[in-house]
Structure formats: structure tokens, C-alpha cells
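The values are calculated or read from the model by the stated rules, or taken from the named source; none is laboratory data. Bear in mind the structure is a predicted one, so any value in this text is a computation, not a measurement. With ideal geometry, Cβ positions are generated from the backbone for all residues, glycine too; neighbour counts draw on all protein chains shown.
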Amino acid sequence: MKIYRLFNKLSRPRSYAGRILLICFFGTHVPLITFVLWILLANPSLGGEHWDDLLVLLLATLAGTGLTFLLVNGMLAPVRVVARALGDYRQNKQVPALPRGLSDEAGYMLEQVQDAIEELDLTLTNLARAAETDPLTEVGNRRWLVSRAEEQIARAQRNQSPICAILFDLDRFKAINDQHGHAKGDAVLVGVARFVKSGLQSSHLFARTGGEEFCIVLPNTPLNGAVEVARRIQEGLATRSIARLTPGLVTASFGVVERDPDERDLSALLRRADDLLYQAKNDGRNQVATSALA
């Protein structure tokens, strides 16, 4: 890197290709021109007889310089392609398609950069997915839900379309853990998540928001539609054997709300849904509570 740093201090030429060409010029043309000048100085009488030859030599030197510049510039294309690929990935997360199968050092560089970007992109994708996924149930977590729901709420506000939230909490889950062990409790959470997810539409947002609490956000859905979804889940849980437990042992209480026109974020919906959820708990559990039925 010492030689590179030395040439990098030059104010001219600024381009990498220009500096490579400068090295080529000094390495080939300067010795040739020096030799010609030395011959002329040593034999002044030759000058007049060979001006045409010298002119041809000069033109050939200039033509060679131009051709060398074009070829050097072309040979440096991998450096530019790699720099552009790294910049595009850094700014836009765009994975390049660099050429493979080239046998020299530049080809090796292209392959290594391509592999490095692909591996980095896969790692970042997995990390992002892990950061937004509940590791036990493999559904979204609160962070994921908030980011996706905020987008849907903003869209609902623009389009003046309905959007609802269902918040539900498993009943007497601590008793299940105490009587059957935490492994069984985990199996219950996984079973509930799978059952609920299997009955939702692709547009619905489903997440485990903490402990034994889950949330569903339903874009383009009025309150009566959300209540229907909640009741279907409530009845399904109450009549199924979840994690091989006795049917009816795993139940849930639900709070269902529709976004008010002045609500601009998910937290406002969840506060109202949470109040209704605990109303359902206080009224005997295993039921759906909502502010109004359409």
C-alpha cells in the first residue's frame, strides 16, 4: 500500500486509471524518448536527415499511449464494478450479479466480493427476521407488529377504511405451567399460535406481544368482521385439545376494537382492546368483549 498511498497524493491525474497509465508512460515511453534525445545530442548531424522518422516515432508513441490508456481502462473495469456494487448494496441493499469463472486476480476479487455480499445479505436478513420474530411460536413479535400495523393504520387513515385490533390472553395460563410444567406451557403457546395463524388471511397481522398475550390487526375489516374472527378463535380453542391437553383446558379472553378516526397509532387501539380484554376476564373469562356490535 505504500506505493499506492504515494501516488494517491498526486493532484494529477486523479483517476486510478490515469495513475496506472502514468506508471506505464514512465516505464516505457520516457526511456525511449530519452534514448532518442541522447542519440540526437550525440550526433547532431542526424537530426536533419531523420526528422520524418522522429515524427513517425512521436506519432506512434502518442498512438501507443492512447491505446494503452484504453486497454488499461478496460482492465480496471473490475475495480469500478466492485466499487459500484458495494456502493449500491450499502445504499439500496441491492445484491449484485458479478461475473464468475474468471481466472486471474481480478476475477478472484469479483467472486470473493459477490460471495461476501451474498453472505452478508443473508446474515442481515436472518438477523432482521430474528429481531422481528418470536423465537418460540415463530410468529411476529411486538416490534414487528408495531412497524407493520403503523403502516396499515396510516393507509386506513388515508383511504378512510376500517381497521380493527383483537387482543387476547390465555386464561389461567399460570395454572397450566404450575400443573403441567413450563415445557407443556411452551407447547400450549406454540399450539395456540399455529391454530390461530392457520385461520387468518394473509393480510392479517398476527403477533405474540408478550407472555401468553397475542394480538391480531385486521386491515379493511369492520368491527363485526373482527368480532366474528375473535369468536371463531375463542370457540376453536375452547373445543380443541391444545398440546394434548383436555379440550376446554386452554381458553382465552378477547378484547376487540375498531380504530376511531382520531387514533393514529397502534398503542391507542391496544389500550382500548386491553381494557376490554380485562373486562372479559372479569366477566368470567373465555369470552369476547367489544365496545359495540355492528
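The one condition from (1) under 20 Å from GLU263 (Cα atoms); (2) among the acidic types (Asp, Glu); (3) in contact with a helix residue (DSSP H, G or I) (Cβ under 9 Å, 6 or more places away or on another chain) that GLU151 does not meet is (3). Residue by residue through region 170-217, note down the ones that are within 17 Å of THR246 (Cβ to Cβ) and surrounded by fewer than 14 Cβ atoms within 10 Å (Cβ to Cβ). Correct list: ALA175, ASP178, GLN179, GLY181. Selection within region 218-263: residues that are of a type in the set (Ser, Thr, Tyr) and within 12 Å of VAL188 (Cα to Cα). The member of this set that is surrounded by the most Cβ atoms within 10 Å (Cβ to Cβ) is THR251. Scanning region 238-294 for residues that are of a type in the set (A, V, I, L, M), in contact with a Phe, Trp or Tyr (Cβ under 8 Å, 6 or more places away or on another chain) and part of a loop (DSSP other than H, G, I, E, B) gives a single hit, ILE242.
One line per residue, one yes/no per condition, for (1) surrounded by 16 or more Cβ atoms within 10 Å (Cβ to Cβ); (2) of a type outside the set (Asp, Glu); (3) under 22 Å from CYS24 (Cβ atoms):
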| site | (1), (2), (3) |
| --- | --- |
| PRO78 | yes, yes, yes |
| GLN91 | no, yes, no |
| PRO99 | no, yes, no |
| ASP104 | no, no, yes |
| TYR108 | no, yes, no |
| VAL113 | yes, yes, no |
| GLU118 | no, no, no |
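Please work out which one of (1) in a helix (DSSP H, G or I); (2) touching a residue at least 60 places away in the same chain (Cβ under 8 Å) is the condition VAL217 fails and give its number. So the condition that VAL217 fails would be (1). Within region 163-177, the residues that satisfy the criterion of being touching a residue at least 24 places away in the same chain (Cβ under 8 Å) and either touching an Asp or Glu at 6+ places or on another chain (Cβ under 6 Å) or on the phi < 0 side of the Ramachandran plot (or both) are ILE163, CYS164, ALA165, ILE166, LEU167, PHE168, ASP169, LEU170, ASP171, PHE173, ILE176.
Rundown of residues vs (1) over 28 Å from the mean Cα position of the chain (by Cα); (2) touching a residue at least 40 places away in the same chain (Cβ under 8 Å); (3) outside the structural domain of LEU86 (by TED's automatic domain parsing); (4) more than 30 Å from LYS93 (Cβ to Cβ), yes/no style:
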site	(1), (2), (3), (4)
ALA130	no, no, yes, no
THR137	no, yes, yes, no
GLU150	no, yes, yes, no
GLN179	yes, no, yes, yes
LYS184	yes, yes, yes, yes
ALA187	yes, yes, yes, yes
ALA193	no, yes, yes, no
SER202	no, no, yes, no
LEU205	no, yes, yes, no
